[in-house]
Structures are given as structure tokens and as C-alpha cells.
Amino acid sequence: MGSQKKTSMNFKTTLQTDVPQGRNGKHKGLVTKILSDLDQVQAGIALKIPLADLEDGKENVRSALNRATRKAGRPIATATDAKFLYIWNEAREA
């Protein structure tokens, strides 16, 4: 048997059971609120969210919302103007 040198670890370790499961990103709270509101609006109604209220920018919120809705198989659409992010439910394909 050959002599094997042990190299020092570069990172700390932890038990796998102590690793958090699931991803709760920094946009989860906002995305959850948006989806809750979308559950309550009628067809043809859009949410109107002031861009000034989006601390991390509209692009990052749109990305987080896109990930959540694709995962849930939920079709939505978004648009923006100079002051607002608009979000609405799209008709589900039959």
C-alpha cells in the first residue's frame, strides 16, 4: 500500500442533517405575497406594484417570480413602465 498524504481541508464541515432543505431566497416573501394576490384577482385584473418598493430591482423580482410560477406550472405575464411593475394571470392553455 502506498503512502497517502492527507491534505488539509479548505472548508468547514457540518452534518448533512443540519443542512437546511429547500430554498428560501431573499425574494420569497414578496413572491409569496404576489402569488397570494394573484389568487384573489379576477381575470383581466393586474397587480400594480410601485418600482420604488422593489428594493432589489424589477429584474431580480421578475426572475424570482418566473422561477416560482414555472415550477408551479402557473402562467403569468408582466409588464413595466417608468413607475410600476404590472403582473397578471394569463389564461391557462387547455
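Key figures
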| read-out | value |
| --- | --- |
| Long-range HN-HN contacts of Phe84 with modeled amide H, under 5 Å | Leu51 |
| Computed log₁₀ I(q)/I(0) - Debye formula, equal Cα scatterers, no solvent, the range 27-89, q 0.12 Å⁻¹ | -0.25 |
| The chain: angle of helix 28-40 to the longest principal axis, Cα-based, in degrees nearest 10 | 30 |
| Degrees between helix 58-72 axis and first principal axis of the chain (Cα, 0 to 90, nearest 10) | 80 |
| Sequence-separation-based contact order of the range 28-94, relative, with Cα cut under 8 Å and 6+ spacing, percent | 38 |
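Read the figures in this text as sums done on the coordinates, not as results from a lab. Not measured: the values here are computed from a predicted model.
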